[in-house]
Amino acid sequence: MRVNLTDRQQHILWATVRHYIATAEPVGSKALADEFNLSVSPATIRNAMGTLEKAGLLYQPHTSAGRIPSDSGYRIYVDQLIQPSDTLARKVEQVLDQLNWSDGRMDAALRGAAQILATISGYIAMITIPQTNMACLRHLQLVQLEPGKVMLIVVTDAYETQSVLVQLPKGADGNWPDVEIVDRELQILSNFLNSKLRGRSLSELSTIDWSELDRDFELYTEWMETMLAALSSRSRSNPTYTRILIGGLSEALRLPDFSQLQQVQTLVQLLEQDQELLWPLIFDSPELDTPGKRVTVRIGSENSLEPIRGCTLISSIYRRGSVPVGSVGVLGPTRMVYENAIAVVEAAADYLSEAIGGNRVNFPEG
(Lines give C-alpha, C1' and ligand atoms only; values in the text may rest on other atoms or scores of the structure.)
Protein backbone atom coordinates (compact mmCIF):
# COMPACT_ATOMS: atom_id res chain seq x y z
CA MET A 1 0.00 0.00 0.00
CA ARG A 2 1.39 3.38 -1.01
CA VAL A 3 -0.21 6.64 0.18
CA ASN A 4 1.34 9.97 -0.70
CA LEU A 5 1.76 11.91 2.53
CA THR A 6 3.59 15.15 3.16
CA ASP A 7 6.56 15.11 5.52
CA ARG A 8 4.39 16.73 8.20
CA GLN A 9 1.64 14.12 7.78
CA GLN A 10 4.18 11.32 7.95
CA HIS A 11 5.67 12.78 11.13
CA ILE A 12 2.24 13.15 12.74
CA LEU A 13 1.22 9.62 11.74
CA TRP A 14 4.49 8.29 13.17
CA ALA A 15 3.93 10.22 16.42
CA THR A 16 0.32 9.06 16.69
CA VAL A 17 1.29 5.40 16.28
CA ARG A 18 4.17 5.72 18.75
CA HIS A 19 1.96 7.41 21.34
CA TYR A 20 -0.83 4.85 20.97
CA ILE A 21 1.58 1.91 21.19
CA ALA A 22 2.99 3.34 24.41
CA THR A 23 -0.31 4.27 26.10
CA ALA A 24 -3.10 2.15 24.53
CA GLU A 25 -5.21 5.32 24.72
CA PRO A 26 -6.74 7.27 21.79
CA VAL A 27 -4.44 10.11 20.81
CA GLY A 28 -5.37 13.79 20.73
CA SER A 29 -3.57 16.69 19.10
CA LYS A 30 -2.60 18.30 22.43
CA ALA A 31 -0.94 15.06 23.62
CA LEU A 32 1.16 14.97 20.45
CA ALA A 33 2.09 18.64 20.78
CA ASP A 34 3.17 18.12 24.40
CA GLU A 35 5.11 14.87 23.85
CA PHE A 36 6.74 15.32 20.43
CA ASN A 37 8.71 18.17 18.94
CA LEU A 38 6.44 18.67 15.94
CA SER A 39 7.09 22.43 15.68
CA VAL A 40 3.43 23.15 14.87
CA SER A 41 0.36 24.15 16.86
CA PRO A 42 -2.24 21.69 18.19
CA ALA A 43 -4.69 23.13 15.63
CA THR A 44 -2.33 22.26 12.76
CA ILE A 45 -1.82 18.78 14.23
CA ARG A 46 -5.59 18.38 14.54
CA ASN A 47 -6.08 19.31 10.87
CA ALA A 48 -3.38 16.85 9.79
CA MET A 49 -4.95 14.09 11.89
CA GLY A 50 -8.28 14.83 10.20
CA THR A 51 -6.62 14.39 6.82
CA LEU A 52 -5.07 11.10 7.94
CA GLU A 53 -8.49 9.95 9.15
CA LYS A 54 -10.05 10.74 5.76
CA ALA A 55 -7.27 8.68 4.15
CA GLY A 56 -8.27 5.72 6.32
CA LEU A 57 -5.04 5.71 8.33
CA LEU A 58 -6.58 6.84 11.65
CA TYR A 59 -10.04 6.53 13.16
CA GLN A 60 -12.00 7.60 16.23
CA PRO A 61 -13.31 4.74 18.38
CA HIS A 62 -15.79 7.21 19.91
CA THR A 63 -17.02 10.60 18.72
CA SER A 64 -15.47 12.53 21.60
CA ALA A 65 -12.27 10.47 21.75
CA GLY A 66 -8.89 10.98 20.15
CA ARG A 67 -7.74 8.90 17.22
CA ILE A 68 -6.03 5.51 16.94
CA PRO A 69 -4.22 3.89 14.01
CA SER A 70 -6.13 1.68 11.59
CA ASP A 71 -4.60 -1.44 10.04
CA SER A 72 -3.75 0.72 7.01
CA GLY A 73 -2.08 3.28 9.27
CA TYR A 74 0.06 0.58 10.85
CA ARG A 75 0.93 -0.66 7.35
CA ILE A 76 2.27 2.76 6.34
CA TYR A 77 4.13 2.97 9.65
CA VAL A 78 5.78 -0.43 9.11
CA ASP A 79 6.56 -0.03 5.41
CA GLN A 80 7.70 3.60 5.32
CA LEU A 81 8.37 5.13 8.73
CA ILE A 82 10.55 2.75 10.79
CA GLN A 83 13.68 0.61 10.69
CA PRO A 84 14.21 -2.61 12.70
CA SER A 85 16.33 -2.15 15.81
CA ASP A 86 19.93 -3.23 15.17
CA THR A 87 20.65 -3.16 18.91
CA LEU A 88 17.88 -5.62 19.67
CA ALA A 89 18.91 -7.87 16.77
CA ARG A 90 22.41 -8.16 18.22
CA LYS A 91 20.95 -8.93 21.65
CA VAL A 92 18.85 -11.76 20.19
CA GLU A 93 21.88 -13.31 18.53
CA GLN A 94 23.94 -13.08 21.73
CA VAL A 95 21.25 -14.67 23.89
CA LEU A 96 20.45 -17.45 21.41
CA ASP A 97 24.15 -18.24 21.23
CA GLN A 98 24.04 -19.20 24.91
CA LEU A 99 21.68 -22.12 24.21
CA ASN A 100 23.10 -25.60 23.71
CA TRP A 101 22.59 -26.43 20.03
CA SER A 102 25.07 -29.28 19.77
CA ASP A 103 23.83 -32.07 22.02
CA GLY A 104 21.12 -33.27 19.65
CA ARG A 105 18.23 -32.03 21.80
CA MET A 106 16.62 -29.98 19.03
CA ASP A 107 13.22 -29.64 20.74
CA ALA A 108 14.75 -28.35 23.96
CA ALA A 109 16.94 -25.79 22.20
CA LEU A 110 14.09 -24.46 20.07
CA ARG A 111 11.74 -24.39 23.04
CA GLY A 112 14.31 -22.30 24.89
CA ALA A 113 14.67 -20.05 21.84
CA ALA A 114 10.88 -19.51 21.70
CA GLN A 115 10.83 -18.46 25.35
CA ILE A 116 13.77 -16.11 24.80
CA LEU A 117 12.09 -14.45 21.81
CA ALA A 118 8.85 -14.07 23.79
CA THR A 119 10.70 -12.47 26.69
CA ILE A 120 12.65 -10.05 24.52
CA SER A 121 9.73 -9.06 22.28
CA GLY A 122 6.96 -9.14 24.89
CA TYR A 123 4.71 -11.09 22.54
CA ILE A 124 3.85 -14.70 21.70
CA ALA A 125 6.78 -16.42 19.97
CA MET A 126 6.33 -19.33 17.58
CA ILE A 127 9.02 -21.59 16.10
CA THR A 128 8.27 -24.62 13.96
CA ILE A 129 10.32 -27.78 14.39
CA PRO A 130 12.50 -28.26 11.28
CA GLN A 131 11.03 -30.66 8.78
CA THR A 132 13.10 -33.81 9.24
CA ASN A 133 11.21 -35.79 6.64
CA MET A 134 11.36 -33.31 3.76
CA ALA A 135 10.65 -35.39 0.68
CA CYS A 136 13.78 -36.46 -1.19
CA LEU A 137 13.83 -38.23 -4.52
CA ARG A 138 14.48 -41.95 -4.29
CA HIS A 139 13.56 -42.96 -7.85
CA LEU A 140 11.94 -41.42 -10.91
CA GLN A 141 10.56 -42.86 -14.11
CA LEU A 142 9.42 -41.18 -17.33
CA VAL A 143 6.55 -43.05 -18.96
CA GLN A 144 4.97 -42.31 -22.35
CA LEU A 145 1.19 -42.60 -21.97
CA GLU A 146 0.33 -41.79 -25.58
CA PRO A 147 1.99 -39.89 -28.42
CA GLY A 148 2.91 -36.46 -27.10
CA LYS A 149 2.10 -37.14 -23.43
CA VAL A 150 4.66 -38.21 -20.84
CA MET A 151 4.19 -38.76 -17.11
CA LEU A 152 6.95 -38.25 -14.58
CA ILE A 153 6.49 -40.62 -11.64
CA VAL A 154 8.56 -39.92 -8.53
CA VAL A 155 9.04 -42.12 -5.50
CA THR A 156 10.31 -40.28 -2.41
CA ASP A 157 12.49 -41.56 0.40
CA ALA A 158 9.28 -42.02 2.42
CA TYR A 159 7.98 -44.29 -0.37
CA GLU A 160 5.32 -41.79 -1.31
CA THR A 161 4.50 -41.36 -5.00
CA GLN A 162 3.98 -38.12 -6.88
CA SER A 163 3.42 -37.58 -10.59
CA VAL A 164 3.32 -34.79 -13.16
CA LEU A 165 1.83 -35.01 -16.67
CA VAL A 166 3.76 -33.11 -19.36
CA GLN A 167 3.23 -32.44 -23.04
CA LEU A 168 6.15 -33.60 -25.20
CA PRO A 169 7.42 -31.07 -27.79
CA LYS A 170 6.71 -31.88 -31.42
CA GLY A 171 9.52 -32.53 -33.85
CA ALA A 172 10.77 -30.04 -36.45
CA ASP A 173 8.28 -31.48 -38.98
CA GLY A 174 5.37 -30.72 -36.68
CA ASN A 175 4.71 -34.37 -35.84
CA TRP A 176 5.14 -36.34 -32.62
CA PRO A 177 8.38 -38.33 -32.44
CA ASP A 178 8.21 -42.06 -33.11
CA VAL A 179 6.70 -43.86 -30.09
CA GLU A 180 9.35 -46.59 -29.86
CA ILE A 181 12.19 -44.10 -30.15
CA VAL A 182 10.65 -41.93 -27.42
CA ASP A 183 10.28 -44.97 -25.13
CA ARG A 184 13.96 -45.81 -25.50
CA GLU A 185 15.06 -42.22 -24.99
CA LEU A 186 12.82 -41.81 -21.94
CA GLN A 187 14.41 -44.85 -20.34
CA ILE A 188 17.89 -43.45 -20.99
CA LEU A 189 16.75 -40.08 -19.70
CA SER A 190 15.21 -41.66 -16.60
CA ASN A 191 18.50 -43.39 -15.81
CA PHE A 192 20.40 -40.14 -16.37
CA LEU A 193 18.08 -38.12 -14.10
CA ASN A 194 18.16 -40.77 -11.37
CA SER A 195 21.93 -40.58 -11.32
CA LYS A 196 21.81 -36.78 -11.09
CA LEU A 197 18.89 -36.20 -8.76
CA ARG A 198 18.65 -39.16 -6.38
CA GLY A 199 18.78 -37.99 -2.76
CA ARG A 200 17.93 -34.35 -3.53
CA SER A 201 14.88 -32.78 -1.92
CA LEU A 202 11.94 -32.09 -4.21
CA SER A 203 11.99 -28.41 -3.24
CA GLU A 204 15.51 -28.13 -4.71
CA LEU A 205 14.60 -29.38 -8.18
CA SER A 206 13.78 -25.96 -9.58
CA THR A 207 17.34 -24.76 -8.78
CA ILE A 208 19.16 -27.40 -10.87
CA ASP A 209 21.96 -26.20 -13.16
CA TRP A 210 20.61 -27.37 -16.50
CA SER A 211 23.92 -26.72 -18.25
CA GLU A 212 25.00 -30.08 -16.83
CA LEU A 213 22.67 -31.92 -19.18
CA ASP A 214 24.28 -33.60 -22.11
CA ARG A 215 23.61 -32.27 -25.61
CA ASP A 216 21.70 -35.43 -26.44
CA PHE A 217 18.99 -34.28 -24.05
CA GLU A 218 18.76 -30.65 -25.17
CA LEU A 219 15.42 -31.35 -26.84
CA TYR A 220 13.96 -32.30 -23.48
CA THR A 221 15.58 -29.63 -21.32
CA GLU A 222 12.80 -27.04 -21.46
CA TRP A 223 9.90 -29.37 -20.69
CA MET A 224 11.93 -31.24 -18.07
CA GLU A 225 12.62 -27.95 -16.33
CA THR A 226 8.92 -27.09 -16.41
CA MET A 227 7.98 -30.53 -15.15
CA LEU A 228 10.40 -30.60 -12.23
CA ALA A 229 9.66 -26.98 -11.31
CA ALA A 230 5.99 -27.97 -11.07
CA LEU A 231 6.93 -30.88 -8.81
CA SER A 232 9.07 -28.59 -6.68
CA SER A 233 6.26 -26.05 -6.40
CA ARG A 234 3.82 -28.77 -5.40
CA SER A 235 6.22 -29.95 -2.72
CA ARG A 236 6.51 -26.43 -1.32
CA SER A 237 2.77 -25.79 -1.39
CA ASN A 238 2.11 -29.00 0.54
CA PRO A 239 4.70 -28.87 3.31
CA THR A 240 4.89 -31.42 6.07
CA TYR A 241 3.28 -29.92 9.14
CA THR A 242 5.38 -30.09 12.27
CA ARG A 243 4.77 -28.89 15.81
CA ILE A 244 4.86 -25.20 16.55
CA LEU A 245 6.69 -24.40 19.78
CA ILE A 246 4.95 -21.55 21.62
CA GLY A 247 6.57 -19.18 24.09
CA GLY A 248 5.14 -16.32 26.15
CA LEU A 249 1.43 -17.10 25.69
CA SER A 250 0.29 -16.48 29.26
CA GLU A 251 2.36 -13.29 29.58
CA ALA A 252 1.13 -11.81 26.29
CA LEU A 253 -2.51 -12.50 27.15
CA ARG A 254 -2.15 -10.09 30.09
CA LEU A 255 -1.85 -7.18 27.65
CA PRO A 256 -4.90 -4.89 27.70
CA ASP A 257 -5.49 -5.65 24.02
CA PHE A 258 -6.54 -9.19 24.98
CA SER A 259 -9.25 -8.23 27.46
CA GLN A 260 -12.18 -10.05 25.82
CA LEU A 261 -12.67 -13.60 27.06
CA GLN A 262 -14.00 -14.94 23.75
CA GLN A 263 -10.99 -13.52 21.89
CA VAL A 264 -8.59 -15.14 24.35
CA GLN A 265 -10.36 -18.51 24.18
CA THR A 266 -10.28 -18.69 20.37
CA LEU A 267 -6.65 -17.59 20.28
CA VAL A 268 -5.58 -20.18 22.86
CA GLN A 269 -7.47 -22.90 20.98
CA LEU A 270 -5.73 -21.94 17.75
CA LEU A 271 -2.27 -22.00 19.30
CA GLU A 272 -2.72 -25.12 21.41
CA GLN A 273 -5.23 -27.31 19.58
CA ASP A 274 -5.59 -26.12 15.97
CA GLN A 275 -1.98 -25.46 15.01
CA GLU A 276 -2.48 -27.09 11.61
CA LEU A 277 -4.57 -24.04 10.63
CA LEU A 278 -1.79 -21.63 11.57
CA TRP A 279 1.14 -23.57 10.10
CA PRO A 280 0.46 -22.89 6.40
CA LEU A 281 0.03 -19.18 7.14
CA ILE A 282 3.43 -18.79 8.78
CA PHE A 283 5.21 -20.98 6.22
CA ASP A 284 3.53 -19.70 3.05
CA SER A 285 5.44 -16.42 3.23
CA PRO A 286 5.94 -13.98 0.35
CA GLU A 287 9.61 -13.56 1.27
CA LEU A 288 10.21 -17.06 -0.14
CA ASP A 289 9.82 -15.60 -3.63
CA THR A 290 10.86 -11.98 -3.06
CA PRO A 291 14.60 -11.25 -3.23
CA GLY A 292 15.75 -9.10 -0.31
CA LYS A 293 12.51 -9.53 1.65
CA ARG A 294 13.28 -11.15 4.99
CA VAL A 295 10.06 -10.99 6.99
CA THR A 296 6.33 -11.08 6.40
CA VAL A 297 4.20 -8.69 8.47
CA ARG A 298 0.47 -9.44 8.46
CA ILE A 299 -1.49 -6.73 10.26
CA GLY A 300 -5.00 -7.23 11.61
CA SER A 301 -7.43 -7.85 8.76
CA GLU A 302 -4.56 -8.99 6.52
CA ASN A 303 -4.61 -12.26 8.47
CA SER A 304 -6.92 -14.86 6.93
CA LEU A 305 -7.60 -16.68 10.22
CA GLU A 306 -10.47 -15.19 12.24
CA PRO A 307 -8.87 -15.75 15.72
CA ILE A 308 -5.91 -13.51 14.81
CA ARG A 309 -7.61 -10.87 12.68
CA GLY A 310 -7.15 -8.45 15.57
CA CYS A 311 -3.45 -9.32 15.86
CA THR A 312 -0.23 -8.79 13.97
CA LEU A 313 1.76 -11.84 12.86
CA ILE A 314 5.42 -11.29 11.97
CA SER A 315 7.19 -14.32 10.54
CA SER A 316 10.28 -15.35 8.63
CA ILE A 317 11.60 -18.57 7.13
CA TYR A 318 14.79 -20.23 8.31
CA ARG A 319 16.67 -22.50 5.96
CA ARG A 320 19.10 -25.36 5.69
CA GLY A 321 21.29 -24.17 2.85
CA SER A 322 18.83 -22.86 0.25
CA VAL A 323 15.95 -25.08 1.37
CA PRO A 324 13.24 -23.63 3.69
CA VAL A 325 12.87 -25.94 6.69
CA GLY A 326 10.95 -23.95 9.29
CA SER A 327 9.50 -20.66 10.42
CA VAL A 328 10.01 -18.32 13.33
CA GLY A 329 7.53 -15.62 14.27
CA VAL A 330 5.90 -13.45 16.90
CA LEU A 331 2.19 -12.83 17.38
CA GLY A 332 0.82 -9.89 19.29
CA PRO A 333 -1.74 -7.11 19.16
CA THR A 334 -1.69 -4.66 16.27
CA ARG A 335 -0.57 -2.18 18.93
CA MET A 336 2.91 -3.62 18.70
CA VAL A 337 6.42 -2.17 18.94
CA TYR A 338 7.06 -3.11 15.32
CA GLU A 339 10.70 -2.07 15.03
CA ASN A 340 11.56 -4.39 17.94
CA ALA A 341 9.36 -7.32 16.90
CA ILE A 342 10.64 -7.28 13.31
CA ALA A 343 14.24 -7.15 14.54
CA VAL A 344 13.65 -10.13 16.84
CA VAL A 345 12.18 -12.26 14.05
CA GLU A 346 14.85 -11.30 11.50
CA ALA A 347 17.69 -12.01 13.90
CA ALA A 348 16.23 -15.33 15.06
CA ALA A 349 15.64 -16.57 11.50
CA ASP A 350 19.17 -15.57 10.48
CA TYR A 351 20.63 -17.26 13.55
CA LEU A 352 18.75 -20.53 13.01
CA SER A 353 19.66 -20.61 9.32
CA GLU A 354 23.34 -20.07 10.13
CA ALA A 355 23.30 -22.60 12.98
CA ILE A 356 21.60 -25.30 10.94
CA GLY A 357 23.58 -24.59 7.78
CA GLY A 358 26.82 -24.73 9.76
CA ASN A 359 25.82 -28.10 11.25
CA ARG A 360 25.76 -26.69 14.78
CA VAL A 361 22.23 -28.04 15.07
CA ASN A 362 21.78 -31.79 14.88
CA PHE A 363 18.53 -32.90 13.26
CA PRO A 364 16.77 -35.73 15.05
CA GLU A 365 16.24 -38.83 13.01
CA GLY A 366 12.76 -39.21 11.60
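The values are calculated or read from the model by the stated rules, or taken from the named source; none is laboratory data. If you're wondering where the values come from, they're calculated on a predicted model, not measured in any experiment. Virtual Cβ from ideal backbone geometry, glycine too; neighbours counted across all protein chains shown.
Collect the residues in the range 106-150 that are at positive phi and either crowded, with 21+ Cβ neighbours inside 10 Å or in the same structural domain as Ile246 (by TED's automatic domain parsing) (or both), keeping them in residue-number order.
Of all residues in the range 106-150, those at positive phi come to 122, 148.
The one that is at positive phi and either crowded, with 21+ Cβ neighbours inside 10 Å or in the same structural domain as Ile246 (by TED's automatic domain parsing) (or both): Gly122.
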Test of understanding: among Arg90, Arg111, which residue is touching a residue at least 24 places away in the same chain (Cβ under 8 Å), touching a Gly at 6+ places or on another chain (Cβ under 8 Å) and basic (Lys, Arg)?
Arg111
Restricting attention to helices (runs of 4 or more DSSP H) lying wholly within the range 4-85, give those where 1 or more residues are under 31 Å from the mean Cα position of the chain (by Cα).
7-23, 42-54, 71-76
Could you list all residues from the range 1-30 that are touching a residue at least 12 places away in the same chain (Cβ under 8 Å) and either among the β-branched types (Val, Ile, Thr) or touching a His at 6+ places or on another chain (Cβ under 6 Å) (or both)?
Val3, Ile12, Thr16, Val17, Ile21, Val27
Quick one: would you say Pro169 is in contact with a Phe, Trp or Tyr (Cβ under 7 Å, 6 or more places away or on another chain), closer than 30 Å to Leu231 by Cα and outside the structural domain of Pro324 (by TED's automatic domain parsing)?
yes
For the range 179-209, enumerate the residues that are exposed (fewer than 13 other Cβ atoms within 10 Å of the Cβ) and either assigned to a strand (DSSP E or B) or in contact with a Cys (Cβ under 9 Å, 6 or more places away or on another chain) (or both).
Gly199
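Just to verify a result, which residue in the range 184-201, among those that are of a type in the set (A, V, I, L, M) and over 11 Å from His139 (Cβ atoms), is farthest from the chain's Cα centre (by Cα)? Spell out how you get there, then give the answer.
Looking only at the range 184-201, we keep the residues that are of a type in the set (A, V, I, L, M), and these are 186, 188-189, 193, 197.
Next cut, over 11 Å from His139 (Cβ atoms) only: 186, 188-189.
Numbers: Leu186: 38, Ile188: 40, Leu189: 36 Å.
The selected residue is Ile188.
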The one condition in (1) over 30 Å from Leu277 (Cβ atoms); (2) modelled with pLDDT of 75 or more that Arg215 fails to fulfil:
(2)
Just for helices (runs of 4 or more DSSP H) wholly inside the range 233-351: which have at least 2 residues that are surrounded by 20 or more Cβ atoms within 10 Å (Cβ to Cβ), in the same structural domain as Arg75 (by TED's automatic domain parsing) and modelled with pLDDT of 95 or more?
none
